[in-house]
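Below is one structure, written out as structure tokens; the observations come after it.
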Amino acid sequence: MWRSRHQAAEELHTGLRSVLEQVKKGESGPFSYKDDLQVHLVSPGQCQSLEGFWSGHGMAFVIERKTSKLEEDSMEESDTSEHYSLNLSEEISSAPLPVSTMQARQLLSGYTLTHNPNMAQFGNGKPVADLPRLWVRCDSTDIESTCWLGAESIKTSRNEITGMSFHMVTCAGPTTDKSSFPSLEALKKSHKERHHSSAMQTRGFACYDLFNPGTIENSIIESQTSVTVEFMWNGVDRILQMPPLTSASTLNIRVESGDVRSPVYPVYKELDFLLVLAEGLKTGVTEWPEALETKSAVELVQELLNELKNKLDGVNNSAPKKEAEKVKSDTAAVDSSIQSFITERGDLDFAEMLWCKMRRSVTSYQDVQDCFSLVMQSLKYGDVHPWIHRGSSSTLSKLIQQSYHGNMQSISLTGLTPIRMLLEIGLDKMKKDYINCFIGRELATFNYLDFFINASVDLQEQVHRVRKLHHMLEVVVSCYAFLSLEHENLFPLTQSCLKYYRENPWNEQHVFRLPIRPSVISSFYQNSHPQTWRVEILSGHGKKEVKTMWQLSARPPVDHVSFDVLDIQNDMTMSGDSEETLYYQSQISCSQVHFL
């Protein structure tokens, strides 16, 4: 028996080390282990099912069951259509599958054996090689409903392994019956019996959704935008205690651009056209959007040129004033029910006004070519002398400057040249819009924004950086418009966004974190149910600290175990209690074993 246990432990250790080496070579996995298991090597945040339980650093192994060949074959023989069968088969084969709790315990036993410094045969007389922590998915069929088992080594400051820390996660939800929840005293008693400690402390955690698609009335729009707030405090009084105002709280902000509810949706549409042009410049094919104006692009540009010519000739015409108001930056067109964060610019130069006209009306390459032909002709013959902002770097701006001196360069409006010229004036205009917003609101200085508006890099990189600026604007405006945050919170949030995007590529899945006083957002969470509520009972100190966590969550805490909530949801509907919240109960216990 001992021989077989040692052999299994050595095989596991060899298998995990092989996975580690393959990941270092750039392979992503999952990696097969024996006939029925597979191994992932994940970082914190990469395994959603572990997020509520694992807050550690570094990598971790996750072991789960493979999809059996029989399951795959049964999917292929399904009577459904070939396309549907293929999609469903892929979904099932990629879904995580648990192992039995008994098998999980055997795996953790082998992992522990190979980390025991007293077991010299595993290291060939050398110091034991430490591996990343191990988590195993369990099927919850045991009496305790275990869904995760985990283990990690305990090390000294000199990196010597002295023992193992074990984690067990159980889940018994869901329920709407709050009377079934254990009392805080019962949880303390259970912890004391397990760890035989007289000194205990409690720590609370709660997470509330402040803004997501489900919180907006009459909304059927799917969006990845979410704002949650997390609270942590010491000294829990009762189960489901409201976080005290002395809690440490942090906003987690993830914003997806393009949500029609956003106050800066018109700015997004303007940026979207810019991205269309940039893609067309790369591929040579442009997907033109529908026109937003009833008049053709050529008509609108001709009217703009006529207005300038009339001014040059001294003709008094009241119509241009109205037209100028219409041509003002699209950033002013925000939802009137929400105070505008973007102050409209009244200093649009000729190139910017031309952009506003063309971006709302061009529907083909020919439109762009014809519009620029009109402009070039008027400049060449001195019909107009438009003004432009100093420092404008677009081709059109340079031509306008040359026209002042009567020596305008001749440019052939063929190939991708017209698309590039339109993209350039759009970039110039949008950069000034973002500068006007961030500096006007005193959220950033020009020096901080210089990286994002630098015209010395290539055109595609300029577009990429402007896209980053827009995402930052979406993040800040969302907090301003929907959470009523003031400058004292918006300023550090903007600095955090600027720092992130100077060092990282554009990423709308990134979650920006902002420490905030609970009193600032109390009206958004005090009358709602937490999505996650947790109490931690701790005893011991430092490396000898152990804890028991008991958690309630409004969503299934694991993704490899199915929960039947249909009957409970029907009961809620029948009772008419729409304010009731489904809670899944989970308990996470931590214990330690020290090697002698």
Next item on the list: Go through 398-407, 19-28, 225-234, 294-303 and give me the packing order, highest mean Cβ count within 10 Å leading.
Entry: 225-234, 294-303, 398-407, 19-28
Check: Want the number for Gln592 to Glu185: 0.36 nm per residue separation, take away the alpha-carbon distance, what's left?
Finding: 144.2 nm
Next item on the list: Roll a 1.4 angstrom probe over the protein heavy atoms and tell me the percent of accessible area of the stretch 258-318 that is carbon or sulfur.
Entry: 49
Note to self: I need the calculated FRET efficiency for the pair Glu461 and His196, taking r as the beta carbon distance and R₀ as 51 Å, to the nearest 0.05.
What the structure shows: 0.25
Next item on the list: Mind checking the per residue accessible area of the stretch 164-314 for me, 1.4 Å probe, whole number of Å²?
Entry: 50
Margin query: How far apart, in nanometres, would the label points at Asp36 and Tyr448 be if each is projected 7 angstrom from Cα along the Cα-to-Cβ direction?
Written below: 5.7
Check: Which FRET efficiency, nearest 0.05, do Arg420 and Asn310 yield, Cβ-Cβ r, R0 30 Å?
Finding: 0.50
Checklist line | Approximate shape of the stretch 427-513 as ellipsoid semi-axes (Cα gyration tensor, √5λ), whole Å, largest first | finding: 21, 14, 11
Margin query: Tell me the carbon and sulfur percent of the accessible area for the stretch 422-554, rounded to whole percent, probe radius 1.4 Å.
Written below: 50
Notebook entry, point to check: Using the Cα atoms of the stretch 10-70 to build a convex hull, what is its mean projected area in square nanometres?
Noted result: 5.0
Checklist line | Pairwise label distance in nanometres, Lys499 with Thr250, each label 7 Å out on the Cα-Cβ vector | finding: 1.3
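The values are calculated or read from the model by the stated rules, or taken from the named source; none is laboratory data. Everything numeric here is computed off the predicted structure, so don't read it as measured data. No Cβ is skipped: glycine too gets one built from the backbone with ideal geometry, and neighbour counts run over all protein chains shown. What goes into the accessible areas is simple: the full protein's heavy atoms, side chains included, and nothing from ligands, DNA or RNA. Shrake-Rupley method; radii C 1.70, N 1.55, O 1.52, S 1.80 Å.
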